[in-house]
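I have placed the structure first, in the form of structure tokens, so that the comments after it can refer back to it.
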Amino acid sequence: MPDFRATIRSAQVRVVDWGPHLARSGPLQTLLHARGRAGIALVDLTVVREEDLADELIAEFLAGDRPAHREALVRWAATVGYRRAWLPGEVVELEPCAGGAATTACTGCRARLTDADPRFWLGVRRAGRFPAICPLCGCDLPQWSTMSDRGVPERLGDRGRRGEAEAVRRAP
Ligand SMILES: [Zn+2]
């Protein structure tokens, strides 16, 4: 069983707990494929743990397997602190960049949440994702972003890499 289902839309990643109620095949497959044609990726994620920390990520695209979606998923995985991502036909060695101030905005109650506490990051590294439920209204949250992944060009240039190195040094 996968751990999570990710939805990627315009580089925004949402990650919810996987459950057997989520469509993978059968009659709903038509709807899955339609989401892919609409420019949205749906991906099942399985976490490989080292000790009790999320270490490697296995991604199975159900819809929308495109380079931009792979890029968004890989960037998110590095921010969470994964070391390696297994995508269909491709293994990506990541430069983990967990740490620093992370932020997201609830699409339900519009609260902006920010956290940089080492205990927050330990929770993220253990769970294999950022908190996905708003503590105020209970809506699911878009995955959080950090300074190291905001505004970094598609292919990381020197500036992006320096930012990542700083984030690693700050990481707990
Ligand atoms: Zn909320």
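Can you tell me, using C-alpha contacts under 8 Å and at least 6 residues apart, the relative contact order of segment 1-77 as a whole percent?
On the way: 125 pairs, mean separation 25.5, N = 77.
Value for segment 1-77: 33 percent.
What distance in nm separates the two pseudo spin-label positions at residue 86 and residue 51, each 7 Å out from Cα along the beta-carbon direction?
Modelled inter-label distance: 2.3 nm.
Could you check the spin-label model distance between residue 113 and residue 71? Points 7 Å from the Cα along Cα→Cβ, value in nm.
In this crude label model, residue 113 to residue 71 measures out at 2.8 nm.
At a threshold of 8 angstrom on Cα-Cα distance, excluding pairs fewer than six apart, so keeping six or more, what relative contact order does the chain reach in percent?
20
Can you tell me the dipole magnitude for the chain around its Cα centre, using point charges on the Cβ only (Lys, Arg +1; Asp, Glu -1), in Debye to the nearest 20?
Once rounded to the nearest 20, the dipole reads 560 debye.
Using just the helices of the chain, give the 222 nm mean residue ellipticity in deg cm²/dmol: DSSP H runs with n ≥ 4 each add -39,500 (n - 2.57), and the total is spread over all residues, rounded to 500.
Result for the chain, helices only: -8000 deg cm²/dmol.
Please pull out the direction-averaged projected area of the chain, using the convex hull of its alpha-carbon atoms, in nm² to one decimal place. Working shown, then result.
Numbers: hull surface 40.5 nm².
Result: 10.1 nm².
Of all DSSP beta bridges in segment 4-165, what percent run antiparallel (nearest 5)?
Around 90 percent antiparallel, to the nearest 5.
By how many degrees, between 0 and 90 and to the nearest 10, does the Cα long axis of helix 118-127 differ from the longest principal axis of the chain?
For 118-127 against the chain, the angle is about 30 degrees.
Rule-based calculations on the coordinates, nothing more; no lab input. Because the structure is predicted, anything quoted here is derived from the model rather than measured. Positions of Cβ are backbone-derived with ideal geometry, glycine not excepted, and every protein chain shown enters the neighbour counts.
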